[in-house]
Amino acid sequence: MKTKVVPLFLSTVVLILLVTYPDVYLQASLDGITIFAINVLPALLPFFFFTKILSNYGANVIIGRKLGKVTRALYNVNQSSAYVFIMSILSGYPIGAKLLHDLYQNHQIDHEDLKSSIAFCSTSGPMFILGTVGGVMLKNTTYGFILLICHYLSAILNGFIYRKRRKSKEKNFYYTVTSQNVLSDSITDSISSVLTCGAYIAIFYMIAIMLKNTGVLSLLSNCVNYLIKNQSLSYGLVFSLVEITGGCAVLSNTNTFLTLPIICAVISFGGLSVTLQSLNFLCKCNIKPIRYVIVKLTQSIIAFLITCFVVGVFL
């Protein structure tokens, strides 16, 4: 019962705020849905759909045979992880987690492969980093490419930390389509997955606004400010831990040596909303939330250090 006290208390507080200020927070929820509908849904739904089609027709086997030797040599994982890595860097959160879930449920990777693959197959996509952050927020495509390269490099290096010690016996899969209607099943699965992601975005955007209006974000950012000595950076960092898009928007308005490193770090971590979207799939595969958080934390630290080096040397 003790483990339920915190979520019960927080849920009660959110409901009280919703009832007390319905106009403010219903509008915040609507804003979150709008962000999802305009910025996320058009990109995410096609990727969910076509990656499901590719998986149904055995693309993971084909790509695994071509590129899987690289990931197998680097990380000792099943060759199908190469397919997930490529789809993850092309599509962004939470495609990597979704595909790993599908492969595990279809017995094409084992649990050890799954745990190791999470470290390098959970990334943001180029549309968000180059378009939204680099082009729109920072108004600098060069910065966007720096963030993209450092983010993907952090994922590759992060994989070595969680590398399997021993190579598992590679399974030979002769994939056959079992569904009678691949298109219909892919649409149903994609819509279910994308609506779940949309709900997380809308809810946590509203929660971020609640934390802002109640002064919680300011309090936390004041604590962080003791370390980095910049109020705007501190506030943007704390905001990003809840909702990454809004946090990156705040961070992009700063102009310090730490601006790009912190943005790259928060993109690599993903924030609470992205974390729960990914855990929605991974927890069904017996992945403990604390393990996923630790994996993303080490990636964010690597991303921060790499970006600091690049900014210090080249900018």
**Q.** Bins of 10 Å, starting at 0 and running to the largest distance - Cα pair percent for region 69-115
**A.** 30, 57, 13
Q) How high is the relative contact order of the chain, given as a whole-number percent (alpha carbon pairs under 8 Å, six or more residues apart)? A) 21
**Q.** Cα gyration tensor category, rounded, prolate or oblate, for region 70-209 with a/c compared to 1.5
**A.** oblate
Q.
Over the Cα atoms, compute the radius of gyration (one decimal) and Dmax (the largest Cα-Cα distance, rounded to a whole number) for region 171-315, in Å.
A. 18.9, 60
Q: At most 14 other Cβ atoms within 10 Å plus a DSSP loop assignment makes a site exposed; report the longest stretch of the chain without any exposed trypsin sites (Lys or Arg not before Pro).
A: 1-138
(Q) In whole Hz and in residue order, list the ³J(HN,Hα) couplings for region 266-283 that follow from phi through the Karplus curve 6.51 cos²θ - 1.76 cosθ + 1.60, θ = phi - 60°; x for Gly and Pro. (A) 6, 5, 5, 6, x, x, 5, 5, 5, 4, 6, 4, 5, 5, 4, 8, 6, 5
Q. For all pairs of alpha-carbon atoms in region 246-315, what percent lies in each bin of width 10 Å, listed from the first bin to the last filled one?
A. 21, 42, 26, 11, 1
Q) Tell me, what is the percent relative contact order of region 56-117, built from C-alpha pairs under 8 Å that lie six or more residues apart? A) 27
Q) What ranking do His101, His107, His151 get, fewest neighbouring Cβ atoms within 10 angstrom at the top? A) His107, His101, His151
Q.
Give me a comma-separated list of calculated 3J(HN,Hα) values for region 57-70, in order, Karplus coefficients 6.51, -1.76, 1.60 applied at θ = phi - 60°, integers in Hz, x for any Gly or Pro.
A. 9, x, 5, 4, 6, 5, 5, x, 5, 7, 10, x, 4, 5
Q: Find the relative contact order for region 179-315 and round it to a whole percent, using C-alpha pairs within less than 8 Å whose residues are 6+ positions apart.
A: 21
Q. Aspartates and glutamates near Lys164 by alpha-carbon distance under 16 Å, same-chain residues fewer than 8 away left out - which ones?
A. Asp110, Glu112, Asp113
Q.
With the alpha-carbon atoms as the only input, what is the per residue convex hull volume for the chain in Å³?
A. 151
Q. Taking a 30 Å limit on the Cα-Cα distance, which of the listed pairs Lys69/Lys284; Lys4/Lys284; Lys212/Lys284; Lys139/Lys288 fall beyond it?
A. Lys212/Lys284; Lys139/Lys288
Q | Whole-Hz ³J(HN,Hα) from phi, Karplus 6.51 cos²θ - 1.76 cosθ + 1.60, for region 211-228, glycine and proline x | A | 5, 5, 5, 8, x, 5, 4, 5, 4, 5, 5, 5, 5, 5, 5, 5, 8, 9
Q: Calculate the length of the line joining the C-alpha centroid of region 56-128 to that of region 180-202, in whole Å.
A: 19
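Values in this text are rule-based calculations from the coordinates and carry no lab data. Values in this document were obtained by computation on a predicted structure and should not be read as measured data. Cβ: placed from backbone, ideal geometry, glycine included. Neighbour counts: every protein chain shown.
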